1. Would you be able to tell me the number of residues in the range 1-24 that are more than 21 Å from the chain's Cα centre (by Cα) and either surrounded by fewer than 10 Cβ atoms within 10 Å (Cβ to Cβ) or assigned to a strand (DSSP E or B) (or both)?
2. Find the residue count for the range 40-60, including only residues that are part of a loop (DSSP other than H, G, I, E, B) and either touching a residue at least 60 places away in the same chain (Cβ under 8 Å) or not polar (S, T, N, Q) (or both).
3. Quick check on the range 30-39. Is at least one of its residues modelled with pLDDT under 95, at positive phi and either surrounded by 10 or more Cβ atoms within 10 Å (Cβ to Cβ) or not in a loop (DSSP other than H, G, I, E, B) (or both)?
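The values are calculated or read from the model by the stated rules, or taken from the named source; none is laboratory data. What you are looking at is a predicted structure, and each value in this text was computed from that prediction instead of being measured. FYI the Cβ positions are ideal-geometry reconstructions off the backbone, even for glycines, and counts take in every protein chain you see.
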Amino acid sequence: MILLKEGQKLIIELEGDRMIVTARPKSLTKALAGAAKGVYGKNAAEIDEYVRKEREEWPR
């Protein structure tokens, strides 16, 4: 059961023959903050190295 307020927005996802309905957070930015933590490195040095390698592959 979802408790909704009038005018509240929803997120609807389709997975096969299922429909998943959830209340949309007020701020997607806050809800997704940190979602990619660790993806590009565990510390500043690793992240800098990742970015440097990516930039080297850019066409010039």
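1. 9
2. 7
3. yes
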